[in-house]
Amino acid sequence: MVKIKDIFNERKEKGYVNLELLSVTINKGVIKTKDLDSKDMSNSNKSNYKRVLPKDIAYNSMRMWQGACGVSDYEGIVSPAYTILSPKNNINSKFFYYYFKTHYMIYQFMKYSQGLTSDTWNLKYPLISEIKINLPSIEEQNKIVMFIELIDKKIDLLEKKSNLLKEYKHGFIQKLRTGKIKFKKNDGTYYSDWKEIKLSEILFEHKLKYTGNEEVYSVSVHKGVVNQIEHLGRSFATKDLSKYKLVKPGDLIYTKSPTGGFELGIIKQNKNNKNVVVSPLYGVFTPKSKYLGNYLDAYFESSVNTRNYLHPIVQKGAKNTMNITNKVFLSKSLYLPSVLEEQKKISDSINIINQKSEKIDNNILIIKQFKKGLLQKMFV
């Protein structure tokens, strides 16, 4: 056993204002700030920003107990709020990056952090430097890193496939909408051109409420309509669920609140084979056909399509709520297929893409869980 200070020094170099700005994230480690989706909130005066060199481990001093650290592949600068660990000889920084992500080390970081509550916990170098850890030989460090990187490469490959399939799906929807892809009838002739149809003609409010038997569900950008406790870790619902809206299988939900990159809310179909309930603030609509509902779910997966539809009719209120009635939501038109047989063929094609995408995403999840379990066992 050694102390962290025996294998890492603290790098405190400042004044490198012309170096590239870097950020530390929980999931992606050290990345270039310009590659973040969020707005750059850094100080214009960067004279106190800390220099980072390749192989340094940078971590957020107030979020190390959440695993907010990473090995830098770049020379750059980071916020003064970060702590920089500079490796000594015979140290593979990536090995310790993986080590620092284990449950055991996360517990150590929590234990050594100073502060009354988790919002104020802080773990500067004098505190983290006293934590004791195992130190295998450099040869063993390198072998472990090489094996874990093979797993990471597999995950990266699958994630690229997943993203390409999602891009293909968005392109498929776009080509359907513009007529570049057309479906044929069984006799070989094309279906009639799509018509401009108001959503009020194909979506209907049933206005049903909680009956006492339904579970509370949330609406997620990536997971769709999902059990709230499974998705968020706990229930955020009120004790009285009498006003919560019932959602039947195939119903569409409009959340009326900003989520992820969807500043005006998201629109998702309930693909669960049971009734659930959602917030009374949401709009819930039954589609004229389940096939149209599936198409609209795929169409509104695009943040661009969602914004183009909602922006002319939504007004933002206090606390980012959307000032829009369900009647107004249904008032606009989209070009849609009017023949049920064509709707089914389109829906079947979308389902095939979805099934392939779900299979890849499930494989990613399985490999990530395997990696997580492996790390816990390796670093016991």
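What pairs from K195/K344; K239/K372; K88/K154 go past 26 Å between their alpha carbons?
Over 26 Å apart, Cα to Cα: K239/K372; K88/K154.
E167 to T325: extension gain in nm, 0.36 nm per residue of separation minus the Cα-Cα distance?
53.7 nm
Counting only DSSP beta bridges with both residues in the chain, what percent are antiparallel, rounded to the nearest 5?
Around 95 percent of the beta bridges assigned by DSSP in the chain are antiparallel ones.
First compute the accessible area of the stretch 1-135 with a 1.4 Å probe, then give the percent of it belonging to carbon and sulfur atoms.
47 percent
Between Y16 and K316, take the C-beta separation as r, use R0 = 35 Å, and let me know the FRET efficiency to the nearest 0.05.
With a Förster radius of 35 Å, E is 0.30.
Would you mind putting 2-10, 76-84 in packing order, based on average other-beta-carbon counts within 10 Å, highest first? Could you put the intermediate results ahead of the total?
Numbers: 2-10: 16.0, 76-84: 21.7.
Order by mean packing, descending: 76-84, 2-10.
Taking amide hydrogens as modeled 1.01 Å from N in the peptide plane, which residues meet the under 5 Å criterion relative to V247, leaving out close sequence neighbours?
Hits under the 5 Å cutoff: V276, V277, V278.
With a ≥ b ≥ c the root eigenvalues of the C-alpha gyration tensor of the stretch 213-350, is it rounded (a/c under 1.5), prolate (a/b larger than b/c) or oblate?
Numbers: a/c = 1.78, a/b = 1.22, b/c = 1.46.
Here the stretch 213-350 falls in the oblate category.
Express the relative contact order of the chain as a whole percentage, based on alpha carbon pairs under 8 Å and six or more residues apart in sequence. Intermediate results must be reported in sequence, preceding the final value.
Numbers: 611 pairs, mean separation 55.7, N = 380.
It comes to 15 percent, rounded to a whole number.
Roughly how large, in nm² to one decimal, is the mean projection of the convex hull of the alpha-carbon atoms in the stretch 9-147? Don't skip to the answer; put the middle values down first.
Details: hull surface 35.1 nm².
The number I arrive at for the stretch 9-147 is 8.8 nm².
Which of the chymotrypsin sites (Phe, Trp or Tyr not before Pro) across the stretch 233-268 are loop residues per DSSP, with 12 or fewer other Cβ within 10 Å? Could you put the intermediate results ahead of the total?
Working: sites: F236, Y244, Y254, F262; in loops: F236, Y244.
Passing both the DSSP loop test and the Cβ count: F236.
So what is the relative contact order of the stretch 259-380, in percent, for Cα pairs below 8 Å that sit 6 or more residues apart?
26 percent
Rounded to whole Å and ordered largest first, report the semi-axes of the equivalent ellipsoid of the stretch 136-239 derived from its Cα gyration tensor (root of 5λ).
Numbers: eigenvalues 365, 195, 19 Å².
In descending order, the three semi-axes are 43, 31, 10 Å.
Hey, what do the phi angles of the stretch 287-300 turn into as Karplus ³J(HN,Hα) couplings, whole Hz, using 6.51/-1.76/1.60 and θ = phi - 60°, x for Gly and Pro?
x, 4, 9, 5, 5, 5, x, 5, 5, 5, 4, 5, 4, 7
Hey, what do the phi angles of the stretch 123-132 turn into as Karplus ³J(HN,Hα) couplings, whole Hz, using 6.51/-1.76/1.60 and θ = phi - 60°, x for Gly and Pro?
In residue order, the calculated couplings are 10, 7, 4, x, 7, 5, 5, 8, 6, 8 Hz.
Enumerate the calculated ³J(HN,Hα) couplings along the stretch 247-260 in order (Karplus 6.51 cos²θ - 1.76 cosθ + 1.60, θ = phi - 60°), each rounded to whole Hz, writing x wherever the residue is Gly or Pro.
10, 8, x, x, 5, 9, 10, 10, 7, 6, 8, x, 9, x
Can you find, among S235, F204, S349, the residue sitting farthest towards the positive end of the charge dipole of the chain, where Lys and Arg contribute +1 and Asp and Glu -1 at Cβ?
Value: F204.
May I ask you to list the aspartates and glutamates whose Cα is less than 17 Å away from that of K182, ignoring any residue fewer than eight positions away on the same chain?
D193, E196, E341, E342, D348
Which lysines have a Cα less than 21 Å from the Cα of K274, not counting those fewer than 8 places away in the same chain?
Leaving aside lysines fewer than 8 places away in the same chain, those within reach of K274 are K207, K209, K223, K243, K245, K248, K288, K290.
Counting only C-alpha contacts under 8 Å and six or more residues apart, can you give the relative contact order of the stretch 48-176 as a whole percent? List each step's numbers first, then the result.
Values: 142 pairs, mean separation 28.1, N = 129.
Over the stretch 48-176, the number comes to 22 percent.
Taking only protein heavy atoms and a 1.4 Å probe, what accessible area per residue, in Å², does the chain have with all protein chains in place?
56 Å²
Report the antiparallel proportion of the DSSP beta bridges in the stretch 144-299 as a percent, rounded to a multiple of 5.
95 percent
The values are calculated or read from the model by the stated rules, or taken from the named source; none is laboratory data. Note that this is a predicted model, so its numbers are computed, not measured. Cβ: placed from backbone, ideal geometry, glycine included. Neighbour counts: every protein chain shown. Accessible surface areas use protein heavy atoms only, side chains included; no ligands, DNA or RNA. Shrake-Rupley method; radii C 1.70, N 1.55, O 1.52, S 1.80 Å.
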